[in-house]
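Structure, as structure tokens:
Every read-out reported here was derived from the displayed coordinates using simple, explicitly stated rules and does not represent laboratory data. Quantities reported herein were computed from a predicted structural model and do not represent experimental measurements. Note that we place each Cβ from the backbone using ideal geometry, even for glycine, and neighbour counts take in every protein chain shown.
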């Protein structure tokens, strides 16, 4: 989402005056996926009205037409690890994605969890999709070497700059960079949850500033909590 937001803002600065343009489209694979359901999700984002009697072909044509007319250049499809190309619905929906990639003049970004180990890229259908894509891994950010520490602190500084808390002291998140990395393991979802909930807490208690105490009170996801406990146990003297 952040990549899509940054790209859209960049496009609008670079090409001002393009009223009605839609540089980015974002959609997630629906839990009960079929080619028609995926087309409906894309249509909903693009603002295309869809009624029950519209066929998959009609919806797909409408989506492709609108994306072309509105100058869409980046298409995000999230949760692609849900697609199982060994099943008929998964194979058909995979074919739908390939069709969209061929008809829409945009870069497609397919995001998922453990995609390499999922059924998405297996079998004849999966091989066709794999031949059209490059695999970019997004591991958690590390905090060991000087360069890794610099990148981690830059990220925290950018997040802090987006806060709108009247009494927050700039540099607080950066100052607690090691603690925040211990809590989140460098995972973006856990980091976002930690900062967002701490900010909400500061609004509710009237302090309007994030502190380490507030950060420590946030209960994170199971994976981040388990990893943090394991790291603490491995430390000397723990």
Exercise. In what sequence do 213, 134 fall when counting other Cβ within 10 Å, fewest first?
Worked result: 134, 213
Problem set entry | the chain, Cα convex hull volume normalised per residue, Å³ | 183 Å³
Exercise. Got a sec? How would 1, 22, 151 order by Cβ neighbour count within 10 Å, fewest to most?
Worked result: 1, 151, 22
For this session: Kindly provide the pair-distance distribution of the stretch 97-193 built from C-alpha pairs, with 5 Å bins from 0 and whole-percent values in order of increasing distance.
Result: 2, 10, 17, 15, 11, 11, 11, 11, 7, 3, 1, 0
Exercise. If you wrap the stretch 61-111's Cα atoms in a convex hull and average its projection over all directions, what's the area in nm²?
Worked result: 3.5 nm²
Exercise. So, by mean Cβ neighbours within 10 angstrom, what's the order for 63-69, 181-187 with the highest one leading?
Worked result: 181-187, 63-69
Seminar exercise, completed: Restricting to Cα pairs under 8 Å and 6 or more apart, the percent relative contact order of the chain works out to 13 percent
Exercise. What order do you get for 38-45, 53-60, 195-202 when each peptide is scored by the mean count of other beta carbon atoms within 10 Å, highest first?
Worked result: 38-45, 195-202, 53-60
For this session: Calculate the radius of gyration of the Cα atoms of the stretch 146-234 to one decimal place, then report Dmax, the largest Cα-Cα distance, as a whole number, both in Å.
Result: 12.7, 39
Problem set entry | Rule-of-thumb Rg ratio for the stretch 2-130 [Cα; 2.2 N^0.38 Å; N residues] | 1.07
